[in-house]
Amino acid sequence: MSEHSPVSHSARVPRAAQPAAPACGLAAAYAELDLPAFRHNLQRVRDYAPHSRIMAVIKANGYGHGLVRVARALAGVDAFAVARVDEGIALRDAGIQQRIVVLQGFFRGEELKLHARFNLEPVIHSLFQVDLIEAAAFMESLAVWLKVDTGMHRLGLDESEFKACHERLRRCKRIRQLAPVMTHLASADKLHDPATAHQLALFDRITGHYGEQRCIANSAGVLGYSSAAAEWVRPGIMLYGASPFADRTGADHGLKPVMTLKTRLIASKRLKPGDAVGYGGDWVCQRPGRLGIAAVGYGDGYPHPAETGTPVLVNGRRAPLVGRVSMDMIAIDLTDCPEAQIGDTVTLWGEGLPVEEIARHASTIPYALLCGVTPRVRVVERE
Ligand SMILES: *Cc1c(COP(=O)(O)O)cnc(C)c1O
């Protein structure tokens, strides 16, 4: 095992600035990252979409796994996608050479200039962006992606805007490459939802006769809609080993979780019936038992709404969380884990405990749990 900087500061924090203590010996939460799992999950994308190029989505600090770290672990892909220009610049600063697509593109001239300077490929989703390109004074050429709105109603051009945009950009000398046209599926995480078939048909109608390459499928599209695997696919969550579907886990798709969030038991005490635990005394002990306190809380990104009964693993065995999640601690009912001791490992999600299951207990989604791991959580990389 090797030790690295906190999740969010991936490339920029000098190693010397990090405390010397080994992450797994501290009474504090740490995230073990199984780096070979990235390659395994990438292979699963190839299995599902064997004829497509792959744009790996690594926005939001690589879904909480570290932007540059993820880019290095997924070096075999054809392009990376980030949400914003600063993420693209951070990748270039770290020496990443692959194509980088900026999903939100630019909304001011200065951001456009940065795209040209750092060789980032913006997504053009609105006509005002074409105005900015035509008005720009810079000399570098640009590759751009065009995005069509087929029903998500977030970013994207409608049919007549697409036509106008395509026409103008084709004439624009600054554009060295009109890269593939994109659209985003709103409901691919519901299998057999007619909305997805409708979006696919509309996209085909709007873009089909232009002959450009196409890029449609997010993870749910890759896993659930083989008809959405065009020349390019655009998966995110499945690369991290989680499922986009509410009623599945990554393992159901043959994926492996990259992140396992762990901590240690730091205290334990006997409880008698009637003892209330934690803020507000929400949970009241019903039988003589034993409580464990683990060093993790919402200050680490463990979800505050996680309800009583949310499972954790104590030495690999399931035990229920009880009472409210604190900033730095959670309480666990250890009555049925008599062998558990101070210092034992507690797994919050990951290997052996699907993050999707924790998300359901906390009324959230696995994306939000992974992205929400905070900088104080130390990262331990496993090669
Ligand atoms: C985040 C994002 C993706 C990846 O979605 P997953 O559900 O994580 O696979 C793909 N395309 C766009 C436009 C996105 O914003």
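Brief remarks on what is shown
- Count of residues meeting criterion [within 16 Å of the ligand (Cβ to nearest atom) and crowded, with 22+ Cβ neighbours inside 10 Å] in the range 130-151: 7
- Residues within the range 225-239 that are more than 11 Å from the ligand (Cβ to nearest atom) and touching a Leu at 6+ places or on another chain (Cβ under 9 Å), tallied: 3
- Tally, over the range 192-223, of residues that are out of contact with any Asp or Glu (no Cβ under 7 Å at 6 or more places or on another chain) and away from the ligand (no atom under 14 Å from the Cβ): 17
- Residue within the range 111-119 that is crowded, with 22+ Cβ neighbours inside 10 Å, touching an Asp or Glu at 6+ places or on another chain (Cβ under 9 Å) and either assigned to a strand (DSSP E or B) or of a type in the set (Ser, Thr, Tyr) (or both) present: no
- Unique residue being within 16 Å of the ligand (Cβ to nearest atom) and surrounded by fewer than 17 Cβ atoms within 10 Å (Cβ to Cβ) when the list is Thr374, Thr308, Thr364: Thr364
- Filtering the range 120-142 to residues that are under 28 Å from Ala188 (Cα atoms), in a strand (DSSP E or B) and not acidic (Asp, Glu) leaves Pro122, Val123, Ile124.
- Some residue of the range 236-248 being assigned to a strand (DSSP E or B), in contact (Cβ under 8 Å) with a residue 24 or more places away in the chain and surrounded by 16 or more Cβ atoms within 10 Å (Cβ to Cβ): no
Conditions (1) at positive phi; (2) β-branched (Val, Ile, Thr), marked per residue:
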| residue | (1), (2) |
| --- | --- |
| Val85 | no, yes |
| Arg99 | no, no |
| Gly105 | yes, no |
| Leu114 | no, no |
| Glu121 | no, no |
| Ile133 | no, yes |
| Phe138 | no, no |
| Cys172 | no, no |
| Pro194 | no, no |
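- The selection criterion, being at pLDDT 95 or above and farther than 23 Å from Thr207 by Cα, holds for Gln97.
- Of all residue pairs spaced 6 or more apart or on separate chains, none has beta-carbon atoms under 6 Å together with a first member in the range 319-337 that is in a strand (DSSP E or B) and a second member that is modelled with pLDDT under 95 and crowded, with 23+ Cβ neighbours inside 10 Å.
- When Gln98, Gln43, Gln104 are checked against the criterion of being among the polar types (S, T, N, Q), under 22 Å from Gly224 (Cβ atoms) and either in the same structural domain as Val148 (by TED's automatic domain parsing) or touching a residue at least 60 places away in the same chain (Cβ under 8 Å) (or both), Gln43 stands alone in meeting it.
- Residue ranges of strands (runs of 3 or more DSSP E) in the range 2-64 with at least 2 members at pLDDT 95 or above and closer than 30 Å to Val85 by Cβ: 30-34, 53-57
- Checking each residue in the range 67-95 for being in contact (Cβ under 8 Å) with a residue 24 or more places away in the chain, more than 16 Å from the ligand (Cβ to nearest atom), assigned to a loop (DSSP other than H, G, I, E, B) and closer than 21 Å to Gln43 by Cβ picks out only Gly76.
The values are calculated or read from the model by the stated rules, or taken from the named source; none is laboratory data. Fair warning: this is a prediction, and the values are worked out from it, not measured in the lab. Every residue, glycine as well, gets a Cβ built from its backbone with ideal geometry; the counts of neighbours run over all protein chains shown.
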